[in-house]
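The values are calculated or read from the model by the stated rules, or taken from the named source; none is laboratory data. Nothing here was measured: the structure is a model prediction, and the numbers come from that model. Quick reminder, even Gly has a Cβ in these numbers, built from the backbone with ideal geometry, and neighbours come from all protein chains shown.
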Amino acid sequence: MSGDRLSLLIIGGYGTFGGRLARLLGDEPRLRLLIAGRSLEKADDFVADLRSPKDGSEGLGSSNLGASLQAVRFDRDGDLAEQLTRLRPDLVVDASGPFQTFGEDAYKVVQACIGLGIDYADIADSTSFVAGIGGLDAAARAKGIFALSGLSSLPALSFAALDVMAPQFARIDRVAAGIAPSAHVKIGLNVVRAIASYAGKPVSLRRDGRPSSGLGLIEAMRVTVAPPGVVPLRSRKFLLVDAPDLALLPARLPGLQSSFTGVGTEPQPLQRLLSLAARLVRLRMLPSLLPFAPLLQRASHALAIGDHRGGMFVRVSGVDSGGKSLACGWHLIAASDDGPFIPITGVAALVRRLLKGIRPENGARPATGELQLADFEAEFRRFSITTGIRVESEAACLPLYHRILGSAFERLPPAIAEMHSAGPAGGARVASGRARTERGRGFLAGIVARLIGFPAAGEDVPVTVRFTADGEKEIWTRDFEDKSFRSLQLEGKGRDRHLLAEVFGPFRVLVALVQEGNKLRLVVRGWRFFGVPLPLFLAPGGETYEEEREGRFHFHVEIGGRLTGLVVRYTGWLVVA
């Protein structure tokens, strides 16, 4: 360390990811941050912006509690030894890229750091770059420094998630991982160039237990990203991308049968156009999509349609110690467009460990296994990021709500958990209580209410709910005094995976189960009429939740819509007989 501060040089420090790293570490008083790039003017502007007060709070530069900030010019094509000697960093972080296009002298920055005895890390996602850095291992060890490559979502975070799930398996056969960026995140040009460089071209992977290849941005798999207890992302296709995991997994898992890494962007029609363009490259009608990278970037920014949420998944399947099939999935959702911070959380975690005196082992290597999932999750707490693991193959023997909620079911208040604890073979269970019911006054609301059989308005009405298990389905029969109506509940499949499907006659309403404190919220995510999808903005909705109050199960159900207004609202309590 330089004096009492760790001096950190961020190459690409005012860029997409380097800038976010500087913001994430900017409140750390034990750091000297060197914001580096080819343009000193841009570096100065970024530092000034970082120091300026925002929302009435003090800027980083106005308090002695924050990191020391300095804008510097750094040209990776210049005299690296001279620049590094002059700047005297303790650690160099390369956050520039795209690493796929660094050419024959790809490791010149790493070699310059090794030559001067400076620790190095990067967020590279280039398979060849990350996998090949081990060729500098002996030199790095001789100098007593570390050089870690790929300290990003793929492969560092994906391997950390894999390491958490792996102990449950006696043998792992398949591993798949993917990233689903928010449609509203402004993707950097370097990221687009990296993807365009291999579009329609062979991507090395594992298939049927042997080295094989797939087609970049052409081969696909459908996944629903769904951490337990939160609203899932919409089901989407993930297109094959060239990520370091594909080269590193066989060494980690010698018996691996298949591997896949993908990206699932929104809106999906734009992604389908991108895949079509990749097919043109495959057919040699286009030499490459690389010249079109600026156009692709502008299109992604112009067509920013969809949720302000992104996600990531790692799916593992194989057999457990008893020889039974086992499948697990680690899921992540980032709300409020916080997803772009994820690729730099690994570097942030590494820096915080260094400040505690915890150094990685000397040598040059991929960053897989350097950090635990807990290290990443400690950084995630600063953002609207939720993660969780679903043990998918165990779900078949669980009650319906437990299957959908996964591990979040264990966090439910006892009264709610008891209400949904009947197993598939549990037969009928009955709960009784009292309710208050309201009916909408609109003409359409009355028609819908009569069609389904909703109860009339009433105060302190006796209510009985009968839950009848029918295989993996549940039939709910609700009796409000002398009025009865039924619905069928089951787990969504395919595109509706991880959602609760409730069927009222020809209507199927798709609901996300969201565990929130002492409440279980039911959030409408779609609906069908005779199997035909209908617009979500017209879907029946309203505030619907279950909660525990004073040890008793309470319910609050609202059903209404833009066309009908309020159809029915019923609130009350139940006790299992």
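Observations, loosely collected:
- Residue identified as out of contact with any Ser or Thr (no Cβ under 6 Å at 6 or more places or on another chain), among the small types (Gly, Ala, Ser) and crowded, with 16+ Cβ neighbours inside 10 Å among 456, 469, 445: 469
- Among residues of the range 26-38 that are in a strand (DSSP E or B), those with a beta-carbon under 8 Å from a residue that is of a type in the set (D, E, K, R) and surrounded by fewer than 18 Cβ atoms within 10 Å (Cβ to Cβ) at least six positions away or on a different chain give the pairs 31/5; 32/5; 36/73; 37/73.
- Residue match in the range 141-159 (condition: within 27 Å of residue 377 (Cβ to Cβ), surrounded by fewer than 17 Cβ atoms within 10 Å (Cβ to Cβ) and in the same structural domain as residue 240 (by TED's automatic domain parsing)): no
- Just one of the listed residues (251, 277) is assigned by TED's automatic domain parsing to the domain that holds residue 200, at pLDDT below 95, within 27 Å of residue 196 (Cβ to Cβ) and among the small types (Gly, Ala, Ser), and it is 277.
- Qualifying residue in the range 461-479 (condition: farther than 13 Å from residue 428 by Cβ, among the polar types (S, T, N, Q) and outside any loop (DSSP other than H, G, I, E, B)): no
- Residue match in the range 190-199 (condition: within 17 Å of residue 127 (Cα to Cα) and of a type in the set (D, E, K, R)): yes
- Near pairs, Cβ below 6 angstrom, 6+ apart or cross-chain, from the range 92-109 (more than 18 Å from residue 195 (Cβ to Cβ) and at pLDDT 90 or above) to any residue that is assigned to a loop (DSSP other than H, G, I, E, B) and of a type in the set (Lys, Arg): 109/76
- Filtered by the rule that a residue be in a strand (DSSP E or B), among the small types (Gly, Ala, Ser) and in contact with a helix residue (DSSP H, G or I) (Cβ under 8 Å, 6 or more places away or on another chain), the range 250-275 gives a lone residue, 259.
- Residue match in the range 168-180 (condition: surrounded by fewer than 24 Cβ atoms within 10 Å (Cβ to Cβ) and either without any contact (Cβ under 8 Å) to a residue 12 or more places away in the chain or touching a Pro at 6+ places or on another chain (Cβ under 8 Å) (or both)): no
- Residues located in the range 254-274, provided they are hydrophobic (A, V, I, L, M, F, W, C), at pLDDT 95 or above and farther than 12 Å from residue 238 by Cα: 256
- Verdict on residue 572 being within 21 Å of residue 459 (Cα to Cα), modelled with pLDDT under 90 and in contact with a Gly (Cβ under 8 Å, 6 or more places away or on another chain): no
- Taking the range 519-544 as the range and being surrounded by 19 or more Cβ atoms within 10 Å (Cβ to Cβ), over 16 Å from residue 503 (Cα atoms) and either without any contact (Cβ under 8 Å) to a residue 40 or more places away in the chain or of a type in the set (Val, Ile, Thr) (or both) as the test, only 521 passes.
To keep it simple, each residue is scored yes or no on (1) assigned to a loop (DSSP other than H, G, I, E, B); (2) touching a Leu at 6+ places or on another chain (Cβ under 6 Å); (3) at negative phi.
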site	(1), (2), (3)
213	no, no, yes
217	yes, yes, no
232	yes, no, yes
248	no, no, yes
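- The single residue among 421, 407 that is in a helix (DSSP H, G or I), more than 30 Å from residue 565 (Cα to Cα) and in the same structural domain as residue 547 (by TED's automatic domain parsing) turns out to be 407.
- Screening 323, 357, 369 for residues that are closer than 22 Å to residue 131 by Cα, surrounded by fewer than 19 Cβ atoms within 10 Å (Cβ to Cβ) and not aromatic (Phe, Trp, Tyr) leaves exactly one candidate, 369.
- Taken over the range 8-46, residues that are among the β-branched types (Val, Ile, Thr) and surrounded by fewer than 22 Cβ atoms within 10 Å (Cβ to Cβ) amount to 1.
- Taken together, 513, 490, 574, 522 contain a single residue that is farther than 23 Å from residue 435 by Cα and part of a strand (DSSP E or B), which is 490.
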